[in-house]
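A short worksheet on the structure shown next.
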Amino acid sequence: MDKIIIRGGRPLSGRIAISGAKNAALTLMPAAILTEEPLTLRNLPRLADVDTFGHLLNQHGVSTMIEGHRRGEFGRVMTIKAARLTSTLAPYDIVRKMRASVLVLGPLLARAGEATVSLPGGCAIGNRPVDLHLKAMEALGAEIEVTSGYVKATTANGLVGGRITFPIVSVGATENALMAAVLAKGESVIENAAREPEIVDLANCLNAMGAKIEGHGTSTIRVQGRTSLHGATYAVMPDRIEAGSYACAVGTAGGEVELVGADLATLGVVADRLRDAGLEVEATDDGVRVKHTGRIRAIDIETQPFPGFPTDMQAQFMAMLALADGTSHLTETIFENRYMHVPELARMGADIRVSGRTAEVHGVDRLTGAQVMATDLRASMSLVLAGLAAEGETVVNRIYHLDRGYEHLEEKLSGAGADIERVSSD
């Protein structure tokens, strides 16, 4: 198993390319099930989760062809063609590796009238039930049965437009509902819909495939069902979480970096909190520039659904605020078990105290290198960020989590001046 070794204390300088968004890619890929024609996705990141989702699509008889990047573009190009579905089963062996696998439920049900999907896995950061996904399918006329760890959804005469009202905001359930509704008969209304940029990206892609969706980016989405969709070519949006993570790297290590391809608009409140912490953040012709101007200032953060502060940035900010001047308070409202990185940061000298869903972070003057263990995707990145600032050598173990969400991490950071390398522990 590989590990990452970081020798800290080197400020960052130069340019870091931002890849296509993982969370968007894993939503756009199952959209290909909705048409017999090819869907070509550009700017697709090279990640373990993307490969796993490709294997899942292959399980359904969907072909996936990968090309290299095109001139002037980052990432890969994948053409996905679901000319004929050979299976509507999403098996446990694949789904257990990645929670996003549940996103085949809506497209399979809309296209084939049935879907059998294993209950999903993913990072161990708390309960993320699929009941909202199932209620959305039922609102469109599906019959649902959950047995032996599988969800079996069927519809005898096709899905029918309906009103879906979510009691709480759910990104995944909104995505599944959107993909199911585009082939349902009549109009569907999704209320209390998630507003994340990745939802907007999915709706834009579906509209490019012939869907009629309005209101995406707001809490009420209207979908006029179509009898069929056609193929399209679509570019995956830049990864706002990756961009925010490398911005926090500047906050821990110091220096100045241009995040090439990043979109300041989709960073939203993350950019605001970076500025509050004392970093300079501004748009450039090629992306976003982030500059360290002095010791980080303590701030308070509460995670919320978009347009609030994203839970996927909480761990990275914690690593940065561990070195802040003063005491910060981070409140996690999305997941109940997303502070597993705290004991590992403490091994490096961070002073963090957790009470319920709130973490009190007392800034320290320095961190020291240590052996640490990654527990989930974003927690893994927080340990890398801490290692960039720490005195001595930091060894991050169990980095397969990182490979799920960060493309060429060591190359990107070393290209900006970090002393970081991946080695095999064998």
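The values are calculated or read from the model by the stated rules, or taken from the named source; none is laboratory data. Small disclaimer: the values here were computed from a predicted structure and weren't measured. Here the Cβ positions follow ideal geometry from the backbone for every residue, glycine too, while neighbour counts run over all protein chains shown.
A compact table of results
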quantity: Cβ-Cβ under 6 Å pairs, at least 6 apart or on other chains, segment 292-305 side free of Cβ contacts under 8 Å to residues at least 40 places away in the same chain, far side among the β-branched types (Val, Ile, Thr); calculated: Glu302/Thr331; Thr303/Thr311; Thr303/Thr333; Thr303/Ile334
quantity: Which listed residue, of Val361, Val354, is more than 24 Å from Arg422 (Cβ to Cβ) and without any contact (Cβ under 8 Å) to a residue 24 or more places away in the chain; calculated: Val354
quantity: So Gly387, is it surrounded by fewer than 24 Cβ atoms within 10 Å (Cβ to Cβ) and either among the hydroxyl-bearing types (Ser, Thr, Tyr) or assigned by TED's automatic domain parsing to the domain that holds Glu242 (or both); calculated: no
quantity: Single residue of segment 379-409 satisfying the filter (among the charged types (D, E, K, R) and under 15 Å from Ala48 (Cβ atoms)) that is nearest to the chain's Cα centre (by Cα); calculated: Arg404
quantity: Residue check, Arg347 free of Cβ contacts under 8 Å to residues at least 40 places away in the same chain, among the basic types (Lys, Arg), more than 20 Å from Val395 (Cβ to Cβ) and surrounded by fewer than 19 Cβ atoms within 10 Å (Cβ to Cβ); calculated: no
quantity: Residue that is farthest from the chain's Cα centre (by Cα), among those in segment 327-369 that are of a type in the set (Lys, Arg) and modelled with pLDDT under 95; calculated: Arg357
quantity: Within segment 168-241, strands (runs of 3 or more DSSP E) holding 1 or more residues that are modelled with pLDDT of 95 or more and within 17 Å of the chain's Cα centre (by Cα); calculated: 232-235
quantity: Filtered residues of segment 92-117 (kept if modelled with pLDDT of 95 or more and not in a strand (DSSP E or B)); calculated: Leu103, Val104, Leu105, Gly106, Pro107, Leu108, Leu109, Ala110, Arg111, Ala112, Gly113
quantity: Qualifying residue in segment 405-412 (condition: in contact with a strand residue (DSSP E or B) (Cβ under 6 Å, 6 or more places away or on another chain), in contact (Cβ under 8 Å) with a residue 40 or more places away in the chain, among the charged types (D, E, K, R) and in the same structural domain as Ala247 (by TED's automatic domain parsing)); calculated: yes
quantity: Count of segment 163-202 residues which are free of Cβ contacts under 8 Å to residues at least 40 places away in the same chain, more than 18 Å from Arg99 (Cβ to Cβ) and either in the same structural domain as Phe335 (by TED's automatic domain parsing) or in contact with an Asp or Glu (Cβ under 9 Å, 6 or more places away or on another chain) (or both); calculated: 3
quantity: Restricting segment 145-157 to residues that are at pLDDT below 95 and not charged (D, E, K, R), the residue that is nearest to Met209 (Cα to Cα); calculated: Asn157
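To keep it simple, each residue is scored yes or no on (1) crowded, with 21+ Cβ neighbours inside 10 Å; (2) in contact (Cβ under 8 Å) with a residue 12 or more places away in the chain; (3) hydroxyl-bearing (Ser, Thr, Tyr).
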site: Thr233; (1), (2), (3): no, yes, yes
site: Pro238; (1), (2), (3): yes, yes, no
site: Tyr246; (1), (2), (3): yes, yes, yes
site: Gly261; (1), (2), (3): yes, yes, no
